[in-house]
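The values are calculated or read from the model by the stated rules, or taken from the named source; none is laboratory data. What you are looking at is a predicted structure, and each value in this text was computed from that prediction instead of being measured. Using ideal geometry, Cβ is built from the backbone for each residue, glycine included, and neighbour counts are taken over all protein chains shown.
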Amino acid sequence: MQGKGRTDQELNARRANRIYILTGLLVILLDQLTKWLVYFFMQEGESISVMGDFIFLTFIYNPRGAFGFGSGAGSLYIFLSIIAILVIVYYFQKSHQIEKFLRFNLSLILGGALGNIIDRVAHGKVIDFVDIDFFDINIDPFTLFGIQFSGYHMNRWPIFNFADCAVTFGTIGVILYIITHPNFPHRREELEKSESDSDLSQQSFSEDEQENI
């Protein structure tokens, strides 16, 4: 009875894993498809208004990190992305199948990271095209703990792509999960122990029923 329960759990886990794999593949597909359309139908530096001054499609090559942050060392970002992917896969394996929200968001991050890696390998940089004018950021120079900060001003947000969105939303989801589940590193062991106790209890109950019969 216990073996059958384990077999059912393994089958359910395989089915669930297919969903997460498909989620990651869908992110890669949508990311590469949108970039392909921009690459073949727009000129580098071209900008097309979609919604007034709020949303533009602006084709640029970005040698830096997500949303244009960081320096322009493309090989460094490939290396960092590979490290990030290995960490994501590790935590995916460490998580439990019941932690669907966590696994879904890890799949988003994984798909987004792979989408941008494909660009860096193919072009040496990433294709960005989503140009949105969110709220402005104006931080004046200030001093904190005796350290002088120069401040920061941004009138228009950095241009990004679909992969950046997947990574961003996935990261926010993972952070929210970790905040609401502070015992995450030991959660899988606790859930597996709970399932094992449940299986033993069910087996014991079945044996008692058979004896009564």
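Overview of results
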read-out	value
Qualifying residues in region 105-142 (those that are charged (D, E, K, R) and in a helix (DSSP H, G or I)) - the one modelled with the lowest pLDDT	Arg120
Residue match in region 17-39 (condition: at pLDDT below 90, part of a helix (DSSP H, G or I) and among the charged types (D, E, K, R))	yes
Test: residue in region 146-166 that is touching a Lys or Arg at 6+ places or on another chain (Cβ under 7 Å) and in a helix (DSSP H, G or I)	no
Every residue from region 117-135 that is surrounded by fewer than 17 Cβ atoms within 10 Å (Cβ to Cβ) and acidic (Asp, Glu)	Asp133
Residue count, region 137-172 (criterion: surrounded by 10 or more Cβ atoms within 10 Å (Cβ to Cβ) and within 30 Å of Leu33 (Cα to Cα))	18
Pair list, Cβ under 8 Å, 6 or more apart: region 81-94 residue part of a helix (DSSP H, G or I), other residue modelled with pLDDT under 85	Lys94/Pro185; Lys94/Arg188
Residue within region 88-95 that is farther than 18 Å from Tyr20 by Cα and over 12 Å from the mean Cα position of the chain (by Cα) present	no
